[in-house]
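What follows is a short report on a single structure.
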Amino acid sequence: MNTIQLRTEIPGPKSRALLQRREAAVPRGPYHATPIFAARSEGAVLEDVDGNRFLDFAGGIGCLNTGHRPQEVLSAVQEQLQKHLHLCFSVTPYEGYVAVAEKLNAITPGKFPKKTLLVNSGAEAVENAVKIARAYTKRPAVIAFNDAFHGRTFMALSLTSKTHPYKAGFEPFPGEVYRLPYAYCYRCSYGLTYPGCKVACAGALEDAFKRVVAPESVAAVIAEPVLGEGGFVAPPQEFYATLQQICRKHGILFIADEVQSGIARTGKFFAIEHYGVEPDLITSAKSLGGGFPLAAVTGRAEIMDAAGVGGLGGTFGGHPASCAAALAAIEIIEKQGLLSRSTELGKKFSERGKSWQRQFPLVGEVRGLGGMCAIELVKDPSTREPATEETKNVARFCYEHGLITITAGTYGNVMRILVPLTVSDAEFAEGLEVLEAALAHVSAAAPQSQLVTSNR
Ligand SMILES: Cc1ncc(COP(=O)(O)O)c(C=O)c1O
């Protein structure tokens, strides 16, 4: 049976009416990838207010690795609702918070003693990771990367790289943030090719200590193990080990921002595990709460304890319902084998993506790590000129044909897959069919220069 069922044009009349109300009542700042309004959802399927059913390959930008409304999460939250709601951990602590901390301490990489702070959002986790790193090292600076996204609050935004639409107009940002090129091999900032490059981008950190900022001023290097908003770029194997080695040499902490790549997305609980590196601090959020808002900073116990009593916290951090949901979501991942499912989905996507790459010159690169996978679209594979408009058109074709997708990348030319890992094989195949049809449709409309057969 087809999951996708479109009863109206997209957006339908009820969505159009709600869009009008939304435009009058909500600032234009918050962006929508689709023009439809949600009515209900389950698993990997979302129904809009006009009764149209969509397959969801965006998963709330990675918040739904365990699917929409998993029964175990609903039951755990309902049970919690019978006990107590918000108490504020800073006033009266409760077991759920501690249990989530214990669980994250256990599943994050590294056998050393760890502690976890719970907060509300990915950006807040990043902010706190920087506070903790500064408190521990007593140093001010943080080094981040090009194409990074770390959130929209001021320190997080200072660490975020992309100017439009995130940073422009919101200056000034907090200082002591320095930036290096990321290991984005398809668009190497140094014009080099892996493996001949010997991951020069990681080695560039040493050079930065001479040219940009003194190492004894640097508290931390922060990186997304796989770029999220920056376009699902997974660096070469040696990248993080080299970075961490340099950090260790200079007493600098390594923060892995796993807000998007964590919680089973890449086939491991945390993407950095693929690189055999144990970060000093890890931020997580998005799928951590199984559909409820929850974020965390987990790290070496002695580092996490550097901030004084009362120096960390926040009114809503670690809401009891979110904690109950998180414990249930992590159990789903463990019991339903979602780590291997993620690997399997990534493999299927990669095989299909490679066939698209042979068929459509529009597909410049197929990449990712496990279920965190993507295609980068280009106007011409030899010039690699970003196909930004075409990517928008692919995404539009998809939602007009019942598939919700989102784009990514500094040039907005990446189609990224964040499908719930609970998606069935049939649903996944159906979604890939729509994506293929979208690529064929947009390729057919593209100028002749795009239709040259490449020898990739
Ligand atoms: C890697 C990364 N860090 C931080 C954030 C910010 O998270 P939030 O939107 O929950 O503040 C995001 C959000 O997409 C992210 O992908």
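Odds and ends about this structure:
- Alpha-carbon spread of segment 1-151, three principal axes, descending order, Å: 58, 42, 33
- Within the chain, antiparallel bridges make up roughly 65 percent of the DSSP beta bridges whose residues both belong there.
- Pairwise Lys count, segment 104-215 - Cα closer than 21 Å, eight or more residues apart or different chains: 6
- Placing +1 on the Cβ of every Lys and Arg and -1 on the Cβ of every Asp and Glu, with nothing else charged, gives segment 21-106 a dipole about its Cα centre of roughly 240 debye.
- If you wrap segment 330-379 in the convex hull of its Cα atoms and look at it from every side, the mean projected area works out to 3.4 nm².
- Computed from the Kirkwood radius of its Cα pairs, the Stokes-Einstein diffusion coefficient for segment 67-219 at 25 °C and 0.890 mPa s stands at 129 µm²/s.
- Relative contact order for the chain: 22 percent, from Cα pairs under 8 Å spaced at least 6 residues apart, divided by residue count.
- Dipole size of segment 188-230 about its Cα centre, with +1 on Lys/Arg Cβ and -1 on Asp/Glu Cβ: approximately 180 debye, rounded to the nearest 20.
- Along the axis of the charge dipole computed for the chain (Cβ charges of +1 for Lys and Arg, -1 for Asp and Glu, origin at the Cα centre), the listed residues 437, 140, 312 are led at the positive end by 140.
- Segment 331-367-segment 372-418 distance, computed between alpha-carbon centres (Å): 16 Å
- A 1.4 Å probe run over the chain, with the rest of the protein chains in place, finds 42 Å² accessible per residue.
- Selection from 328, 381, 261 lying farthest towards where the dipole of segment 247-384 points positive, charges on Cβ: 381
- Sites matching trypsin sites (Lys or Arg not before Pro) across segment 46-124 that sit in DSSP coil, with at most 16 neighbouring C-beta atoms within 10 Å: 83, 111
- Kirkwood Rh and Cα Rg combined as Rg over Rh, evaluated for the chain: 0.96
- Value in Å of the Kirkwood radius, where segment 141-223 supplies the Cα pairs that are averaged: 13.6 Å
- The mean of 1/r over all distinct Cα pairs in segment 158-269, once inverted, gives the Kirkwood hydrodynamic radius of 15.3 Å.
- Extending 7 Å from Cα along the Cβ direction at residue 437 and again at residue 348 yields two label points whose distance is 1.8 nm.
- Cα centroid separation, segment 14-41 to segment 150-194 (Å): 29 Å
- Shown for the chain: the carbon plus sulfur share of the solvent-accessible area, taken with all protein chains present and a 1.4 angstrom probe, equals 54%.
- Computed about its Cα centre, the charge dipole of the chain is approximately 600 debye, with only Lys, Arg, Asp and Glu carrying charge at their Cβ.
- Relative contact order (%) - segment 308-456, alpha-carbon pairs under 8 angstrom, separation at least six: 21 percent
- Extending 7 Å from Cα along the Cβ direction at residue 69 and again at residue 168 yields two label points whose distance is 4.0 nm.
- Packing-based ranking, highest mean first, of 253-261, 365-373 given that Cβ atoms within 10 Å are counted: 253-261, 365-373
- For segment 223-322, the alpha carbon positions stretch 40, 31, 20 Å along the principal axes, listed from largest to smallest.
- MRE, 222 nm, helices only [DSSP H, n ≥ 4, -39500 (n - 2.57), over the chain, to nearest 500]: -11000 deg cm²/dmol
The values are calculated or read from the model by the stated rules, or taken from the named source; none is laboratory data. Only a predicted model underlies this, so the values are computations on that prediction, with no experimental measurement involved. Ideal geometry is used to build each Cβ from the backbone, glycine not excepted, and the neighbour counts take in all protein chains shown. These area figures cover heavy atoms from the full protein model, side chains too; ligands, DNA and RNA do not enter into them. Shrake-Rupley method; radii C 1.70, N 1.55, O 1.52, S 1.80 Å.
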